[in-house]
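The values are calculated or read from the model by the stated rules, or taken from the named source; none is laboratory data. In this text, all values refer to a predicted model and were calculated from it rather than measured experimentally. Glycine also receives a Cβ, built like all others from the backbone with ideal geometry; neighbour counts cover every protein chain displayed.
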């Protein structure tokens, strides 16, 4: 499973490195599609996906599963309370994003839970009971 996650990250970096970021202009303000960073870890009970989503409200995040693929979508909007001319530099990316992750067959997609706290979305993907490690004691005679 780790190889699959690593491959996905490598492909994301490859496309990002070649400039396939979906840059577009909105007036004088550049809006660039962005890819929020994600950490994926696993313990004996679940796979946990943590995504950095600063500046996004939990109401603006959409999660869904289709054909064994978990998709996280959302949008970070530029709040233009000041005139655009007053900005000297804009380095933060704004716009919509979408990340998709193929779920391993060892997890139970019906029991996924998500929590948003301090700009980090944590998705808890529990393993099926039969996939959890079991300890078997063997008596030596």
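Side notes on the structure shown:
- Number of positions in the stretch 121-135 that are in contact with a strand residue (DSSP E or B) (Cβ under 7 Å, 6 or more places away or on another chain) and in contact (Cβ under 8 Å) with a residue 60 or more places away in the chain: 7
- Residue ranges of strands (runs of 3 or more DSSP E) in the stretch 1-80 with at least 3 members surrounded by 11 or more Cβ atoms within 10 Å (Cβ to Cβ) and modelled with pLDDT of 70 or more: 38-42, 46-52, 62-66, 69-76
- Residue selected from the stretch 95-120 under the condition within 14 Å of the chain's Cα centre (by Cα) and in contact (Cβ under 8 Å) with a residue 60 or more places away in the chain, by the criterion nearest to residue 54 (Cα to Cα): 119
- Cβ pairs under 6 Å, 6+ apart, first in the stretch 51-74 and under 11 Å from residue 109 (Cβ atoms), second at pLDDT 90 or above and not in a strand (DSSP E or B): 65/109; 68/103; 70/103
- Counting the residues of the stretch 88-118 that are part of a loop (DSSP other than H, G, I, E, B) and either surrounded by 10 or more Cβ atoms within 10 Å (Cβ to Cβ) or in contact with a helix residue (DSSP H, G or I) (Cβ under 9 Å, 6 or more places away or on another chain) (or both) gives 10.
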